[in-house]
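The values are calculated or read from the model by the stated rules, or taken from the named source; none is laboratory data. For clarity, every value in this text was computed on a predicted model and none was experimentally measured. In this analysis, Cβ positions are derived from the backbone assuming ideal geometry, glycine residues included, and neighbour counts consider all displayed protein chains.
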């Protein structure tokens, strides 16, 4: 590891509620080592954030003087050190300058803040997604954009000339989990298997909501009725539930603001593919930005500003 250590510039950490991701980044920007675990904020709050970080740094033989830039729930009120929020409208470039140092440790560790929308009628917060926005800065630095970041709590951010002017959160992922497990639909979709954006039931559900979003709760109950009356397979029901909820999210986001200069979809894997298919049902073709790349590029942008070569 001596060669790796000599080439190292900083460590980047994405610290979620239930996940931990770490990258050792070289002076030329390449990933020299990577660590992933389930030691998110929930676990680290019990075992100690410093201890969790140190175990991963030791595993890759990171030098003691190597700085660390982190984002996500490590900066939450229940996290390691509260990093607070920048109020919108907020220039993406200002996120870096509001990074909070972790006191009382030998290593230089900085945690990026989240963003807050303090409108009393539309209060909203994000933590972690702001780093993805920072990572997509090359695209978002000019023009007007509507940025969709799917997840348990999907974020839709309005960005104009590199400034996050406002955003909205949709609890799509959490609603899917709750409805599929704790409502009458659990009897219909509980045994459903995997599906993708080409599944006819998913495509049809999104299209129905695109035509008439007000029918959302009716479309949800029809999933149950479809099983009772037409033996709708569990996987079809699961796909229909997902398409309905994602369709409602997209329709809701588009109803509040124009897409302006276009839509950016920051997503990865199967979830990203589902949203791409859903956007097609709305006759939209978003710019796709890989979510994993975006968070790493955002952390890299912050590190280059904080610790220039």
Residues being touching a residue at least 40 places away in the same chain (Cβ under 8 Å), surrounded by fewer than 16 Cβ atoms within 10 Å (Cβ to Cβ) and out of contact with any strand residue (DSSP E or B) (no Cβ under 7 Å at 6 or more places or on another chain): count how many of those fall in the stretch 289-308. 2
Candidates 294, 300 - the one that is more than 14 Å from the chain's Cα centre (by Cα) and assigned to a helix (DSSP H, G or I): 300
For the stretch 165-185, how many residues are surrounded by 14 or more Cβ atoms within 10 Å (Cβ to Cβ) and farther than 14 Å from residue 249 by Cα? 6
Scan the stretch 243-264 and give yes if some residue there is exposed (fewer than 15 other Cβ atoms within 10 Å of the Cβ), modelled with pLDDT of 95 or more and part of a loop (DSSP other than H, G, I, E, B), otherwise no. no
Since residue 282 meets every condition but one in (1) out of contact with any helix residue (DSSP H, G or I) (no Cβ under 6 Å at 6 or more places or on another chain); (2) in contact (Cβ under 8 Å) with a residue 24 or more places away in the chain, which condition does it not meet? (1)
With criteria (1) modelled with pLDDT of 95 or more; (2) touching a helix residue (DSSP H, G or I) at 6+ places or on another chain (Cβ under 7 Å); (3) part of a helix (DSSP H, G or I), residue 273 comes up short on (2)
Those residues of the stretch 89-116 which are over 18 Å from residue 161 (Cβ atoms) and touching a strand residue (DSSP E or B) at 6+ places or on another chain (Cβ under 6 Å) amount to 98, 99, 100, 101, 102, 109, 110, 111, 112, 113, 114, 116
